[in-house]
1. Hey, B:HIS35 hits all of (1) within 14 Å of chain A (Cβ to nearest Cβ); (2) at pLDDT below 95 but one; which does it fall short on?
2. Surrounded by fewer than 24 Cβ atoms within 10 Å (Cβ to Cβ), in contact with an Asp or Glu (Cβ under 9 Å, 6 or more places away or on another chain) and of a type in the set (A, V, I, L, M, F, W, C): does that describe B:VAL131?
3. Would you please list the contacts, defined by Cβ atoms under 7 Å and residues six or more apart or on different chains, that run from a residue in the range B:89-111 that is at pLDDT below 95 to a residue that is hydroxyl-bearing (Ser, Thr, Tyr)?
4. Being free of Cβ contacts under 8 Å to residues at least 40 places away in the same chain and of a type in the set (A, V, I, L, M, F, W, C) is the filter here; which residues of the range A:367-381 pass it?
5. Take A:ASP442 and decide whether it is among the acidic types (Asp, Glu), at pLDDT 90 or above and surrounded by fewer than 17 Cβ atoms within 10 Å (Cβ to Cβ).
6. Kindly provide the set of residues from the range A:421-435 that are of a type in the set (Val, Ile, Thr) and either crowded, with 24+ Cβ neighbours inside 10 Å or within 7 Å of chain B (Cβ to nearest Cβ) (or both), ordered by number.
7. Among the numbered criteria (1) surrounded by fewer than 17 Cβ atoms within 10 Å (Cβ to Cβ); (2) at pLDDT 90 or above, which single criterion is violated by A:GLN493?
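The values are calculated or read from the model by the stated rules, or taken from the named source; none is laboratory data. As the structure is a computational prediction, the values presented were derived from the model and not from experiment. Virtual Cβ from ideal backbone geometry, glycine too; neighbours counted across all protein chains shown.
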Amino acid sequence: MVEALPGDRIHAFPGGLKLRHHKAVACEHPVKRPALPDRLYIQILQHQGESGELLVTDGDRVRAGQALTSAGDDFIVPEHAPTSGTIETITDHPAAFPPGGTQRAIVLVPDGRDEWVECRPVADWHNASPGTLIDHLHQSGLAGMGGAMFPTAAKLRGDWPQLRTVILNGAECEPWIACDEMLMRERAQDVIEGGLILARAAGAERVVIAIEDRMGVVDDRLRAARQALGAEDSVRIRKVFTVYPEGGERQLIQALTGREVPHDGLPQDLGVVVHNVATAAAARDAVLEGRPLIERIVTVTGPGIAQPRNFLTLIGTPFSHLVDSAGGYAEPVSRLILGGPMSGTALASDAIPVTKGSNCILALTERETAPTQPTMPCINCGECVRVCPARLLPQTLFRLIEAENLDAAADYDLSDCIECGCCAAVCPSHIPLVDYYRHGKDELVRRRLDRRRAALAKRRYEAREERLARQKAERQARRKAREEKLKRPEKAQDEIQAAIERAKQNKKT
Amino acid sequence: MKFELAGAPHQPPAASVGGVMRQVLYALVPAVAAHVWFFGYGILFQIALAVGFAVAFEAIMLKLRDRPIGLFLSDWSAVVTGVLFALCMPPLAPWWIAAVGMLFAIVIAKQLYGGLGYNLFNPAMVGFAAVIIAFPLELSQWLLPRSLSPGLPGLLETAQAVFTGRLPATLDWDSVTGATPLDQLRTGVRENLLVTEVRSAPIFGDFGGRGWEWIANFYALGGIYLLWKRVISWHVPVAVIATTVMISMPLWLFGPDTNPSPAQHIFSGALVLAAFFIATDPVSGCSTSKGKLVFGAGVAILTLVIRRWGGYPDGVAFAVLLMNMGAPLIDRLTRPRTYGH
């Protein structure tokens, strides 16, 4: 194994875009808690993996921090009640994924008293075993808060003998999202403590906090907090270039180490593991205070929002409630986006609730999205090639997918596309490239499934053929046996004939 | 409230095909102005004719192919093809040359291959190759630059020459036209004259041909504008010019009597035009960075080979077309290594 430590030198990754940032507008005010909404809609599945079993039913009274779904293996993360109240119902409710679709959600009517279950912190986490810490984080409902919602325990647990560094991702590269920046400004010490806890849990020696070079305030606060904690030796703060998609896990690793995660491998193969800074703060809350993950900072911003700002929001709060708390819609909003403009998901409705991965609600007007432009043929200009951080040939992939030549697209590493959207953003022909790649990837997955199904069907068919052949053989054997049996009476007839012959013979003589 | 669902990214597109093509046209303005100064109004007639035929053929073909005419005409690509073709024409070339050239460029090389984005060859160069093969005489009659000419034809005289093929009595073909510097050099060297002897002719300037060298400078100026506007990347122009220097320099140093200097190569003919405006055509060229370097180097090498041993004084058009054939393969061979592979 090669030593891979994020060094002092910051590396460039290929491609990417320098985008104009609009974060200041949401950073003017401190993070605020909105009023309690009438109802919380807690999706029972908020992470990659599967949902646990429901532990509550209609009419149940719950207290804050109480588990609503059970924890299973590392990919079954529990959900917790964000506040005290009554379970009204469990129903299908609009969700961000699949786009325009619904997800099962627990509807909680808060009672406003915010009564808590007893919090159980981990005593003396410095000496707790990694296993104990990981189990605790798992029970506390931790999943990645950067947007991908990968179960935290699953990322930490594993036999990673060379794991040296926990990287905390504070490089928020989408132009409008500011929740992580505000978190690091206001809770710098908690982020560092959380990073140290994650490092202990992962068996790593040090923490590297990556922030963007424009985050001067954050840098100062983190340095001060590090000093206050006496953690200068084990915590490094690194500024990376402000280039989109710097905050992508693989791009960030490349920027810090100059090395690439193998396409069929994991960051752990390089001795690093990446967690979002908000996940670190949540880990700190879970371990030091015994509080499960029930709230997060959400940026509510965009030209369509009257008073853009960051909210410390209970999981399950409908986006509409946050928009109201931000003064409502300022202009006719054409697109409501979860995440940033480059890679965010357009939402069909603002009834969708906050989940553990909801970092930003962005309301764009027609000015920013522009009415759909006609798509022109690809002119092979190569702009997409220039900006692709995965060093793909986006225009070639597009042509192959368009021609439904998916095997060739797979050969051109379609599956390595990180869907950052840089190619589509620069395409002068206005081709919705990312949509093509998603379609191509889905189709490849479907084909793989089909192939597996076909293989299964073939096995079934062969088994049936074999069974039929066997049965036929058995039938034939039985018939033969029967025929044998039938031959015997013939023999008997022969004997009778013989006896008659003998009698005749006797008569003659 | 209901909101529209759309795929990311959620932002207005940065550029458009039409915008890119218009930038190319803007970038050509200084060179065209210089052309008018040195060689008179002929170039404007050539541009008007070629653009007119290009747009007409494009519209007819789009109609026949049942494609949206307005959408594709507004991409300006036919106009760019017409202008680039016109820049390679002798200023007084008869009008039907443009018609034949655009027939090959737009109808055959572009629309019959599927229209914008699907042509394998640079349309303007296909048009040029067609007319230079078919009508070598008409394409060899170049005007002498202003300083050497007894008088450049005026607007009406130019119109008469272009549309009737006859010059007014006040001017005669032999006094106002001559071989291009590249042609003269080539003929001279083949007749065993020394390069220095050939270059002592009045048509040669400090670097290339009189007038020609200035037009080349203005092409480069336009090219720098395109680089600044990020319409083109540096790879192709640098590869074309650097390769030209790298190959012609040693030849010139070791045989200055028989080999023109690198400056002569660069500032005569269409090399600078090709470096910034023709070999950079995205559709028929390469799209990977390394591929663009290979493509540009190939154009330069083939140009020099054709100039030295080929049947035509300038070889840029054929060099570009030959490299167009190789472009898909070059792109394939210069495919970058995907992240993590």
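1. All conditions pass for B:HIS35, except number (1).
2. Numbers: surrounded by fewer than 24 Cβ atoms within 10 Å (Cβ to Cβ): no; in contact with an Asp or Glu (Cβ under 9 Å, 6 or more places away or on another chain): yes; of a type in the set (A, V, I, L, M, F, W, C): yes.
Spelling it out, it is not the case that B:VAL131 is surrounded by fewer than 24 Cβ atoms within 10 Å (Cβ to Cβ), in contact with an Asp or Glu (Cβ under 9 Å, 6 or more places away or on another chain) and of a type in the set (A, V, I, L, M, F, W, C).
3. What qualifies is B:LEU92/B:THR158.
4. Across the range A:367-381, the qualifying residue is only A:ALA370.
5. On the way: among the acidic types (Asp, Glu): yes; at pLDDT 90 or above: yes; surrounded by fewer than 17 Cβ atoms within 10 Å (Cβ to Cβ): yes.
Yes.
6. Matches in the range A:421-435: A:VAL426, A:VAL434.
7. Going through the list (1) surrounded by fewer than 17 Cβ atoms within 10 Å (Cβ to Cβ); (2) at pLDDT 90 or above, A:GLN493 breaks only (2).
Here's the yes/no breakdown for (1) closer than 25 Å to A:ILE134 by Cβ; (2) at pLDDT 95 or above; (3) crowded, with 22+ Cβ neighbours inside 10 Å:
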| position | (1), (2), (3) |
| --- | --- |
| A:GLU260 | no, no, no |
| A:HIS263 | no, no, no |
| A:GLY271 | yes, no, yes |
| A:ALA280 | yes, yes, yes |
| A:ASP285 | yes, yes, yes |
| A:PHE311 | no, yes, yes |
| A:GLY316 | no, yes, yes |
| A:PHE319 | no, yes, yes |
| A:PRO332 | no, no, no |
